[in-house]
Amino acid sequence: VRENAAPILRHNRCYRNKEAGIGCRTGATPLIELNECFENGMSGIGCRSDAAPVIRNNRCYQNETSGIGSQDGARPLIIGNECFENKMAGIGTEDGAHAIIRDNQCYRNLQAGIGARAEAHAIIDGNHCFENQLAGIGSEGETDVVIRGNSCEKNRQAGIGVQDGARALIVDNECRDNNQSGIGVRNKSTAILIQNKCIENKMVAIGVRDQSQVQ
């Protein structure tokens, strides 16, 4: 889907393609909902180059990169999806994308449940991230994120991790039974933490190090 197209893509099964199951770019504004995208050579669903899709209520699993990915200035609304067992993040946003990521389930992915990096801007709100190999929600590398009202449990690293110069507002999340910190901030990152619950994590509730600043 490209060059300002605006189709509705609904109830498709997209699998074992060499690139993404569904891709959009170059100003496209599709509605992508109720699809099943799995075992693709790149993301299950991907958007880039100023595309602004609504990606809603899809199942994306066992893809070679992320379940759902956005980059290069894309502006997606990613809501109510189930992303699991992907080889990178369940949902990933990077390279100047501006994403709203809300009410998704991301679990058993080989990297973070939800990951933001490389100057991405994201609102990450109301998601459930569990049993991922890295953090439940991770932000790194000059990103600006709002992480609000999420549940992160039983992840192999922190429930929420902020590192490498990332900037984050972290409000009203619950981080439980993660293998490292409930919330970890490191490597010259900046975070504001308000009314979070960090319970029964294997390391500290909140860990701050490497010249990071927290309020």
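Read the figures in this text as sums done on the coordinates, not as results from a lab. It should be emphasised that the depicted structure is a prediction, and the values quoted were computed from it without experimental measurement. Every residue, glycine as well, gets a Cβ built from its backbone with ideal geometry; the counts of neighbours run over all protein chains shown.
Quick look at the numbers
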{"quantity": "Segment Asp72-Gln213, extension gain: residue separation times 0.36 nm, minus the distance between their alpha carbons", "calculated": "47.9 nm"}
{"quantity": "Count of lysine pairs in the chain with Cα separation under 27 Å (8 or more residues apart, or interchain)", "calculated": "8"}
{"quantity": "By average C-beta atoms within 10 angstrom, highest first, the peptides 186-193, 119-126, 4-11", "calculated": "119-126, 186-193, 4-11"}
{"quantity": "Whole-angstrom gap from region 172-215 to region 130-154, using each part's C-alpha centre", "calculated": "11 Å"}
{"quantity": "Positive-pole candidate from Tyr15, Leu134, Gln111, dipole of the chain, charges at beta carbon", "calculated": "Tyr15"}
{"quantity": "Length-normalised contact order of region 16-133 in % [C-alpha pairs under 8 Å, at least 6 apart]", "calculated": "19 percent"}
{"quantity": "Inter-label distance, nm, simple model (7 Å from Cα along the C-beta direction), Ile199/Arg108", "calculated": "2.4 nm"}
{"quantity": "Percent of beta bridges antiparallel (DSSP, region 100-212, rounded to nearest 5)", "calculated": "0 percent"}
